[in-house]
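Some notes on the structure that comes next.
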Amino acid sequence: AIDIRVNYLPEPLLRFAEEGLHDDPKGGIARYGPRSSPDSPRHPSVVRVGVMGTASTISAARGWMLNAANGVSGNAAHPSFPGYRADRGFLSELRFDETWDELITQSELRGLIETRRSRERFEQLVQLLDQKLRITSQRDQPPDYIVIALPDELVRKCRVTNYKQKGLGEVHRDLRRAIKAVAMKHGCPTQLLSESVSSGRGDDNPAKIAWNY
């Protein structure tokens, strides 16, 4: 016979701003704010946000982020998102400027969508984003954070590609992973924002989407 003894370890308390304690990250941030605020030099008062996409997706992405920054109501299953302002939530402000944005022109978009071969279309998009991330990262004052807001049609056509390559065999490539890889090369923190979310067509609860984002 095997003698098994079990000990229960309660959820540890996490520390937040002003020495506040809570067992849930979302509850702690909503009640107290992040641990680094308000006096630590590590806590940014402003986060510079650049957006990469078409004119319409850039506009929609900015609008969605600014709206979510005010706070998003939840329900019994999803806690409310407290916002991203100096006086609430993450106790910091999002700042936007056109000089931090990178536009995907209609000509570039049309060229990608009309490319027939999946691998070629995928690689062209990754190369285009690589070039634009390089340009953004080399500015005198680059953004702290880059939102990549691609049109849904382009994402559908370039989400994945599968092909055979000599010496490697079957190759599967994923767009999200490819973007993260090129962003790391340029030292750019990035986040992808889908057109369905920024236009209000997301399937999940709005507060859950804001927290995840």
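Quick look at the values:
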item: Cut-off 12 Å between beta-carbons: net charge of the residues surrounding residue 141, Lys and Arg +1, Asp and Glu -1; result: 0
item: Among 165-177, 9-21, 139-151, 191-203, the order from most to least packed when residues are scored by Cβ within 10 Å on average; result: 139-151, 191-203, 9-21, 165-177
item: 0 to 90° range, to nearest 10: angle between helix 55-69 axis and the chain longest Cα axis; result: 0
item: Relative contact order (percent, whole number), region 7-113, Cα cutoff 8 Å, 6+ residue spacing; result: 26
item: Net charge dipole size for the chain [Lys, Arg +1 and Asp, Glu -1 on Cβ; Debye, nearest 20]; result: 780
item: Cβ-defined net charge surrounding residue 101, 12 Å radius [Lys, Arg +1; Asp, Glu -1]; result: +1
item: Tilt relative to the chain, helix 175-185 - C-alpha long axis, 0 to 90 degrees, to 10; result: 80
item: Sulfur and carbon atoms: percent of accessible area, region 142-213 [1.4 Å]; result: 49
item: Percent accessible area from carbon and sulfur atoms, region 1-123, protein chains only, probe 1.4 Å; result: 50
item: The chain: calculated mean residue ellipticity at 222 nm from DSSP helix runs of at least 4, using -39500 (n - 2.57); result: -11000 deg cm²/dmol
item: Degrees between helix 118-137 axis and first principal axis of the chain (Cα, 0 to 90, nearest 10); result: 60
item: Net +/- balance of residues flanking residue 196 in space, Cβ distance below 12 Å, scoring K and R +1, D and E -1; result: -3
item: Options 79, 112, 211, ranked by Cα towards positive dipole end of region 72-213, top entry (Cβ charges); result: 112
item: Fraction of antiparallel bridges per DSSP, the chain only, in percent to nearest 5; result: 45
item: Selection from 137, 124, 171 lying farthest towards where the dipole of region 114-192 points positive, charges on Cβ; result: 171
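The values are calculated or read from the model by the stated rules, or taken from the named source; none is laboratory data. All values derive from a computational prediction rather than experimental measurement. Cβ sites come from the backbone with ideal geometry, for glycine too, and all protein chains shown count toward neighbours. Please note that ligands, DNA and RNA were not included when accessible areas were found on the heavy atoms of the full protein model with its side chains. Shrake-Rupley method; radii C 1.70, N 1.55, O 1.52, S 1.80 Å.
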